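Colleague: The following block contains the structure, expressed as structure tokens.
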Amino acid sequence: MLQIALAGKPNCGKSTFYKSLTLANVDIANYPFTTVNPNKGVAYVRTKCPCKELGLEGCTECIDGNRFIPVELIDVAGLVPDAHLGRGLGNQFLDTLREADAIIQVVDASGSTDAEGNPVDVGSRNPIEDVEFLRYEFAMWMAGIVEKHRARLVRQAQGKDQVLIDLLGEALAGLRINAIQIREAVDECGINLAKATPEDIEKMCEVLFRVSKPMLIAANKADLASDENIKALKELGAVPTISAGELALKSAAHVKILKYLPGDATFAPVEGAKLSAPQVKALTIIAQNMKKFGSTGVQEILNKIVFEEINMIVVYPVEDDNKCCNAKGQVLPDAFLMPLGSTPKDLAFRVHTDIGNGFLYAVDARTKMRIKDTTELKTGDIIKIVSTAK
């Protein structure tokens, strides 16, 4: 399953953000290191289900035509300055980040926490500094790993540049970094990897972090942030988020007080639901903030990092291409997240190794036409796989 990590300094609202996406029970408190062990849970990206478009009846896998597809979410405990030197629980947390396919950096846009995550007056801290520090810490940690291996790899490469890069790619495979990404970083920095200075390696690792770990910034606590802070963060590609509001809405929807789907721009009370005066007041404030920002932003940033930064597509495998169902008659029973550029044969292996090994051909359920095993699939495709495997 795709892994998305939530990273940031302590007390930036990260645990609330995590719970708002997973509704998991996690400790949420106003002090650093509330999260000591990485929390892992399941969040869901939202996409349109093809059943409405195709007029398919009986689809039980979507809600009002909206499909929710699982990804794994990792809530990593807060990072503090000099984490790469082992300060705080730095190395442990950075090591957890290495397995992630992408990172959502949760930043306190309100500027109400200092570099250590301690509460300060709203607006006292420039959130841009928090954006820069996480990237620096991860790059420095990565540089330490590169330097640990470099002398030995240089000797093994015997002066051959590409061999050195391939060897380093093998050494960094545990960080989900490959030789192609290393080559891109080396070329962008214009360095000779064998003769590079420690400063050159640090510079290369800053680029390597960027190309190997897609990252988006969640400008969290946006409802408390100044317009200037939000504007500055949005210029860095940040998405304003109100995780506390999202958590409140999801919790209310869970107990059937509100009608709300994650990612909606509005919500409404369930008919007959009784709301107290404090609840009405809180929901009114949430509604005002959603109008300002378009939504709580929480679902938006998860969708954006999966579909735009990692470039995943959604494909629906079926056994009956006429009714778009499986052998039990379930309409569009499965929805798989696949990398952009995936083929029908890739999908066959994703369904089951035996089906992939016995792959014969595929049928596009929309056109009822056979498609080549090398055809690039696109999001929303409904595919029947014909295989010698049962």
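Colleague: If you check Thr296, Thr266, which single one turns out to be of a type in the set (Val, Ile, Thr), free of Cβ contacts under 8 Å to residues at least 40 places away in the same chain and outside any helix (DSSP H, G or I)?
Modeller: Details: Thr296 fails: free of Cβ contacts under 8 Å to residues at least 40 places away in the same chain.
When all the criteria are applied, what remains is Thr266.
Colleague: Among the residues of segment 230-251, how many are hydroxyl-bearing (Ser, Thr, Tyr) and either part of a helix (DSSP H, G or I) or at pLDDT below 95 (or both)?
Modeller: Going through segment 230-251 one residue at a time, the tally reaches 2.
Colleague: Among the residues of segment 169-226, write down those that are basic (Lys, Arg), within 23 Å of the chain's Cα centre (by Cα) and not in a helix (DSSP H, G or I).
Modeller: Taking segment 169-226 as the starting set, the residues that turn out to be basic (Lys, Arg) are 176, 183, 195, 203, 210, 213, 221.
Those still in the list that are within 23 Å of the chain's Cα centre (by Cα) too: 176, 210, 213, 221.
Once the filter is applied, which keeps residues that are basic (Lys, Arg), within 23 Å of the chain's Cα centre (by Cα) and not in a helix (DSSP H, G or I), segment 169-226 yields Arg176, Lys213, Lys221.
Colleague: Separate question: Leu283: open to solvent by less than 50 Å² (accessible area, probe 1.4 Å), touching a residue at least 60 places away in the same chain (Cβ under 8 Å) and touching a helix residue (DSSP H, G or I) at 6+ places or on another chain (Cβ under 9 Å), yes or no?
Modeller: no
Colleague: Please specify each residue of segment 301-325 satisfying the condition of being surrounded by fewer than 22 Cβ atoms within 10 Å (Cβ to Cβ) and farther than 20 Å from Gly65 by Cβ.
Modeller: Hits for segment 301-325 are Lys304, Glu308, Glu309, Ile310, Asn311, Glu319, Asp320, Asp321, Asn322.
Colleague: Where residues in segment 341-390 are of a type in the set (Phe, Trp, Tyr) and farther than 20 Å from Leu2 by Cα, which of them is least open to solvent (accessible area, probe 1.4 Å)? Lay out the reasoning, then the answer.
Modeller: So the first thing to find is which residues in segment 341-390 are of a type in the set (Phe, Trp, Tyr), and the list is 349, 359, 361.
Still in the list and also farther than 20 Å from Leu2 by Cα: 359, 361.
Values: Phe359: 28, Tyr361: 64 Å².
The selected residue is Phe359.
Colleague: Additional query: Do you know which of the residues in segment 252-261 that are outside any strand (DSSP E or B) and either in contact with a strand residue (DSSP E or B) (Cβ under 9 Å, 6 or more places away or on another chain) or basic (Lys, Arg) (or both) is nearest to Leu216 (Cα to Cα)?
Modeller: Kept after step one, since they are outside any strand (DSSP E or B), are these residues of segment 252-261: 252-257, 260-261.
Still in the list and also either in contact with a strand residue (DSSP E or B) (Cβ under 9 Å, 6 or more places away or on another chain) or basic (Lys, Arg) (or both): 252-253, 256-257, 260-261.
Numbers: Ala252: 28, Ala253: 27, Lys256: 32, Ile257: 32, Tyr260: 25, Leu261: 22 Å.
Only one residue tops the list, namely Leu261.
Colleague: Ok, one more. Are any residues in segment 257-280 of a type in the set (Phe, Trp, Tyr) and open to solvent by 40 Å² or more (accessible area, probe 1.4 Å), and if so, which ones?
Modeller: Hit for segment 257-280 is Phe267, nothing else.
Colleague: I need a count of the residues in segment 317-331 that are among the acidic types (Asp, Glu) and not in a loop (DSSP other than H, G, I, E, B).
Modeller: Of the residues in that region, 1 qualify.
Colleague: Still on this structure: Could you list, ordered by first residue, the pairs with Cβ atoms under 7 Å in which the first is in segment 343-369 and within 17 Å of Asp321 (Cβ to Cβ) and the second is among the hydroxyl-bearing types (Ser, Thr, Tyr) and open to solvent by 80 Å² or more (accessible area, probe 1.4 Å), at least 6 apart or interchain?
Modeller: Leu360/Thr388
Colleague: Can you pull out every residue in segment 134-168 that is open to solvent by 30 Å² or more (accessible area, probe 1.4 Å), out of contact with any Phe, Trp or Tyr (no Cβ under 7 Å at 6 or more places or on another chain) and in contact (Cβ under 8 Å) with a residue 60 or more places away in the chain?
Modeller: Tyr136, Met140, Gly144 - these are the residues of segment 134-168 that are open to solvent by 30 Å² or more (accessible area, probe 1.4 Å), out of contact with any Phe, Trp or Tyr (no Cβ under 7 Å at 6 or more places or on another chain) and in contact (Cβ under 8 Å) with a residue 60 or more places away in the chain.
Colleague: When you scan segment 184-209, how many residues do you find that are open to solvent by 50 Å² or more (accessible area, probe 1.4 Å) and in contact (Cβ under 8 Å) with a residue 40 or more places away in the chain?
Modeller: 3
Colleague: Restricting attention to segment 39-61, and to residues there that are modelled with pLDDT under 90 and open to solvent by less than 50 Å² (accessible area, probe 1.4 Å), which single residue is farthest from Leu247 (Cα to Cα)?
Modeller: Checking each candidate, the answer is Asn39.
Colleague: Evaluate the following for Arg67: is it modelled with pLDDT of 90 or more and either in contact with a helix residue (DSSP H, G or I) (Cβ under 7 Å, 6 or more places away or on another chain) or not in a strand (DSSP E or B) (or both)?
Modeller: It is false that Arg67 is modelled with pLDDT of 90 or more and either in contact with a helix residue (DSSP H, G or I) (Cβ under 7 Å, 6 or more places away or on another chain) or not in a strand (DSSP E or B) (or both).
Colleague: I need the full set of residues from segment 19-38 which are assigned to a loop (DSSP other than H, G, I, E, B), modelled with pLDDT of 50 or more and not small (Gly, Ala, Ser), in order please.
Modeller: Leu23, Asn25, Asn37, Pro38
Colleague: Let me ask something else about it. Scan segment 224-256 for residues that are more than 19 Å from Leu302 (Cβ to Cβ) and buried (at least 19 other Cβ atoms within 10 Å of the Cβ) and jot them down.
Modeller: Ala225, Asn229, Ile230, Ala252
The values are calculated or read from the model by the stated rules, or taken from the named source; none is laboratory data. Note that this is a predicted model, so its numbers are computed, not measured. We place every Cβ from the backbone using ideal geometry, glycine too, and count neighbours over all the protein chains shown. Only protein heavy atoms, including side chains, enter the accessible area calculation; ligands, DNA and RNA are left aside. Shrake-Rupley method; radii C 1.70, N 1.55, O 1.52, S 1.80 Å.
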